[in-house]
Amino acid sequence: MREAYQAALKSVLHVQITQYRDRMGLTQAQMAEILLMDVRSYIDLDHGKSMCGTLSFVLFLLYCCQDRDALLQSIQMAFDKVRGDVA
């Protein structure tokens, strides 16, 4: 069950973070620097292969996320879908 929630969160964050990077015209290296991530780790995040850690997530929330409420709603919708799929 935990894996399903992690996959849902990874999917939402992948979309949000890459959309922000594209909107701002940042390179993967620049985005990795903002999130205090290794460039290779960011590339994996950018391609949806991995998820960022807590620190990078908080940095994204503080310095990049333009609509935190919308992000949380997206996460809640993804989690609700997991709950519906499991029930």
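Taking the condition small (Gly, Ala, Ser) and open to solvent by 30 Å² or more (accessible area, probe 1.4 Å), does residue 29 pass? Considered against the rule, which asks whether it is small (Gly, Ala, Ser) and open to solvent by 30 Å² or more (accessible area, probe 1.4 Å), residue 29 comes out as yes.
I'd like the full set of residues that are aliphatic (A, V, I, L, M) and either in contact with a strand residue (DSSP E or B) (Cβ under 9 Å, 6 or more places away or on another chain) or open to solvent by less than 70 Å² (accessible area, probe 1.4 Å) (or both), limited to the stretch 32-50. Quick ask: steps written out before the conclusion?
First pass over the stretch 32-50, keeping only residues aliphatic (A, V, I, L, M): 32, 34-37, 39, 43, 45.
Selection gives 32, 34, 35, 37, 39, 43, 45.
Of all the numbered requirements in (1) surrounded by 14 or more Cβ atoms within 10 Å (Cβ to Cβ); (2) among the aliphatic types (A, V, I, L, M); (3) under 24 Å from residue 82 (Cβ atoms), residue 7 misses one, and that requirement is (1).
Could we say that residue 50 is on the phi < 0 side of the Ramachandran plot, of a type in the set (S, T, N, Q) and at pLDDT 95 or above here? No, not satisfied.
May I ask you to verify whether residue 22 is surrounded by fewer than 18 Cβ atoms within 10 Å (Cβ to Cβ), modelled with pLDDT of 95 or more and either closer than 22 Å to residue 75 by Cα or among the aromatic types (Phe, Trp, Tyr) (or both)?
Values: surrounded by fewer than 18 Cβ atoms within 10 Å (Cβ to Cβ): yes; modelled with pLDDT of 95 or more: yes; either closer than 22 Å to residue 75 by Cα or among the aromatic types (Phe, Trp, Tyr) (or both): yes.
Criteria met by residue 22.
Consider the stretch 63-85 and keep the residues that are open to solvent by 100 Å² or more (accessible area, probe 1.4 Å) and over 30 Å from residue 30 (Cβ atoms). The one that is modelled with the lowest pLDDT is 85.
The values are calculated or read from the model by the stated rules, or taken from the named source; none is laboratory data. What you are looking at is a predicted structure, and each value in this text was computed from that prediction instead of being measured. No Cβ is skipped: glycine too gets one built from the backbone with ideal geometry, and neighbour counts run over all protein chains shown. Ligands, DNA and RNA are stripped out before the accessible areas are found, and what is left, the full protein with its side chains, is counted by its heavy atoms. Shrake-Rupley method; radii C 1.70, N 1.55, O 1.52, S 1.80 Å.
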